[in-house]
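**Q** Dropping a structure here in structure tokens format, bear with me for questions.
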Amino acid sequence: MKSCPSELFYDQTEMPDLLTRLSTEVAARLRGAGHQVYYVGGSVRDELLGVEVHDRDITTDATPSQLKSLFPGALDVGAHFGVMLIRRDGVEVQVATFRTESSYRNGRHPEAVQFETDVVADLRRRDFTINALLKDPLTGEVIDPLGGMADLRAGLIRAIGDAAERFQEDHLRMLRAVRFAARLGFEIEAGTMESIRTLAPQIHRISAERIRDELIRILTEGGARRGFELLDESGLLSEILPEVAAMKGVEQPRQFHPEGDVWIHTLGLLERLGKPPIELALGCLLHDVGKPPTQTFEDRIRFNGHDRVGARMARGILTRLRFPSDVIDAVEALVDQHMKFKDAGRMGLSAFKRFVRQSGFDQLLELHRLDILASGGGLQSYDAVKERYAALPEEQLRPPPLITGRDLIELGLPPGPEMGAMLRAVEEQQLEGQLASREEAIAYVRRVWGQAAT
Ligand code: ATP
Ligand code: MG
């Protein structure tokens, strides 16, 4: 199993030691004061799966005020919920008082928490059995009151207690089920899946931001293809991303897409993503989102303008899901530009330079590679673009301007919009490799706009 995102932030050789040291210290202090204390949740699950652990959740019967006096330096993250955050040397441990939650309103947040003295009560309010395993921090013993070990061995995501009830309490758990199944390569247990299918239409009751955050994780933590297959099977896809669900059954010309319809093709890109930046992942997901509405049956099946239409749709979808504007801009550009590679071989030097120096080009290049691989194509044109790009030194790609507006004024040209056009023409010639110095540029301006320039 691959390691967790912490590799981006921490020196991996030191990280587990620091976390282990901090967690054992916190646990020992609680135990020393006579409290029950356990590791719980994701870290216990991931350790048993052999996945690197990047944070620790500790659960205890110590009350919030007892926690405060035991850990005076800890960060109180919502006193109401009785959760303390202890940070040291770049690692963090969360300590929470045993509790149950009640009075869920609209399937979102609990309205009240009650602190408990029985750890099993705390486990029962958690989402899935594999997330409700305990580990004794001092002996290392795993404690499993709810059958999490059997499900971990069988590779099953199973809701704790009555699945329908649990998803009614918090609709986000439906997406969490998909996320864990995708990331861990697990199945969603049949009864749990059945409840998600029934309740999928209610997913809209949770905020777009929370849906967005789960989608980001499904797309970027590994297993994106499986995640989207499960979103589809569970009925969540057509609720959250109907434009993507519409790709299903949209036939394509066999000669370009032997793999199948637009949906199958899109899954082929997701399958090859690994752990990508979110813009690339969304670009892959949405690159052909314009195909369903543009499909026509002419000499063959065609999707005229699907890149343009898709780019506009991508903006709409991501705005609805409250993605930040820089992500929306980047994804819109990826979708808009993804067909440009078919002309790249024929581009003149200046057009090619402008193409490859646009922001996000590396992601566009990668999207193109995945697009080709997902339709079983060869990488000749990809390699050709890459080689041509690699052969261009930075100073040829983004050369400093040979002349400025001031030079044109000195030549006696009248200021105005014409000047912009002249400077662009000079840059064009420069990118083509036709002009290499200030003198050549001035001579060029004199030649072309001779009458105006003195
Ligand atoms: P990850 O590796 O993605 O962080 P995790 O299992 O640690 O996975 P968290 O969201 O960090 O997930 O939550 C920690 C624990 O809290 C979970 O393992 C689970 O026991 C519980 N939990 C979190 N969110 C919910 C929820 N919406 N409903 C019920 N229990 C939850
Ligand atoms: Mg966690």
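Any read-out appearing in this document is the output of simple, stated calculations on the displayed coordinates, not a laboratory observation. Nothing here was measured: the structure is a model prediction, and the numbers come from that model. As a convention, Cβ positions derive from the backbone with ideal geometry for all residues, glycine included, and neighbour counts pool all protein chains shown.
**Q** Under a crude label model (7 Å from the Cα following the beta-carbon direction), how far is LEU373 from ARG153 in nanometres?
**A** 3.6 nm
**Q** Between helix 380-390 and the chain, what is the angle of the helix's C-alpha long axis to the longest principal axis, kept within 0 to 90° and rounded to the nearest 10?
**A** Relative to the chain, helix 380-390 is tipped by roughly 80 degrees.
**Q** OK, next. Checking the a/c ratio against 1.5 first, then a/b against b/c, what shape does the Cα gyration tensor give for region 399-452?
**A** prolate
**Q** Excluding same-chain residues fewer than 8 positions from LYS135, which aspartates and glutamates have a Cα within less than 17 Å of its Cα?
**A** Once the sequence-local aspartates and glutamates are set aside, what remains near LYS135 is GLU25, ASP46, GLU47, GLU52, ASP55, ASP57, ASP61, ASP118, ASP122, ASP144, ASP151.
**Q** Using only Cα atoms, find the angle between the long axis of helix 208-220 and the longest principal axis of the chain, and express it within 0 to 90 degrees, rounded to the nearest 10.
**A** Helix 208-220 sits at roughly 80 degrees to that axis.
**Q** Can you tell me the 0 to 90 degree angle between the C-alpha axis of helix 438-448 and the longest principal axis of the chain, rounded to 10?
**A** With both axes taken from Cα atoms, the answer is about 60 degrees.
**Q** Report the Stokes-Einstein translational diffusion coefficient (µm² s⁻¹, integer) for region 252-339, Rh taken as the Kirkwood radius over Cα pairs, at 37 °C with viscosity 0.692 mPa s. All intermediate terms of the calculation are to be shown ahead of the outcome.
**A** Values: Rh = 13.4 Å.
Reported coefficient: 245 µm²/s.
**Q** Within region 169-197, find all residues whose amide N lies under 20 Å from a label point positioned 7 Å from the Cα of GLU101 along Cα-to-beta-carbon.
**A** 169-181, 192-193, 195-197
**Q** May I ask you to list the residues of region 110-132 whose amide nitrogen lies under 17 Å from a point 7 Å from Cα along the Cα→beta-carbon direction of ASP76?
**A** 113, 115
**Q** Just tell me the longest site-free run in the chain, where the sites are chymotrypsin sites (Phe, Trp or Tyr not before Pro) in a DSSP loop having at most 14 other beta-carbon atoms within 10 Å.
**A** On the way: sites that count: PHE9, PHE256.
Longest run free of exposed loop sites: 10-255.
**Q** Could you list the trypsin sites (Lys or Arg not before Pro) in region 95-195 that lie in coil according to DSSP, counting only those with at most 14 other Cβ atoms within 10 Å of their Cβ?
**A** Passing both the DSSP loop test and the Cβ count: ARG105.
**Q** Turning to a different aspect of this structure: Enumerate the amide H contacts of GLN36 below 5 Å, restricted to partners 5 or more residues apart or on another chain; note that Pro and chain-start residues carry no placed amide H.
**A** Close amide H contacts, sequence-distant or interchain: ASP61, ALA62.
**Q** Now, a different point. All other residues with a Cβ under 10 Å from the Cβ of PRO399 taken together, and with Lys, Arg as +1 and Asp, Glu as -1, what is their net charge?
**A** Cβ neighbours under 10 Å give a net charge of -1.
**Q** How big is the convex hull of the Cα atoms of the chain, per residue, in Å³?
**A** Numbers: hull volume 91.5 nm³, N = 454.
Enclosed volume per residue, from the Cα hull, is 202 Å³.
**Q** Which Cα, out of VAL327, LEU267, VAL40, lies furthest along the positive dipole direction of the chain (beta carbon charges, K/R +1, D/E -1)?
**A** Looking along the dipole axis, the top candidate is VAL327.
**Q** Report the label-to-label distance for ARG447 and THR20 in nanometres (one decimal), using points 7 Å from each Cα along the Cα→Cβ vector.
**A** The answer from the label model is 7.2 nm.
**Q** Now for a different question. Round to a whole angstrom and tell me the spacing of the C-alpha centers of region 212-277 and region 319-380.
**A** Cα centres, region 212-277 to region 319-380: 18 Å.
**Q** Now, a different point. Could you tell me which residue out of LEU215, VAL250, ALA190 lies farthest along the dipole of region 173-311 toward its positive end? Charges go on the beta carbon: Lys and Arg +1, Asp and Glu -1, centred on the Cα centre.
**A** Result: LEU215, furthest along the dipole toward the positive end.
**Q** Looking at the chain, send over the antiparallel percent of its DSSP beta bridges, to the nearest 5. Before the final figure, lay out each step's value.
**A** On the way: 24 of 31 bridges.
If I count the DSSP bridges inside the chain, around 75 percent turn out antiparallel.
**Q** Mind checking Rg over Rh on region 161-240, alpha carbons, Kirkwood formula for Rh? If you can, show how the numbers build up before the last one.
**A** On the way: Rg = 11.3 Å, Rh = 12.2 Å.
Taking Rg over the Kirkwood Rh, I get 0.92.
**Q** Still on this structure, I have one more. Eigenvalues of the Cα gyration tensor times 5, then square-rooted: what semi-axes does that give for region 318-386, in whole angstrom, largest first? Can you show the working numbers first?
**A** Values: eigenvalues 112, 51, 14 Å².
Semi-axis lengths for region 318-386 are 24, 16, 8 Å.
**Q** Shifting gears a bit: How many nm is it between the label spots at LEU349 and GLU395, if each spot is 7 Å from the Cα in line with the beta carbon?
**A** Label at LEU349, label at GLU395, 1.5 nm between them.
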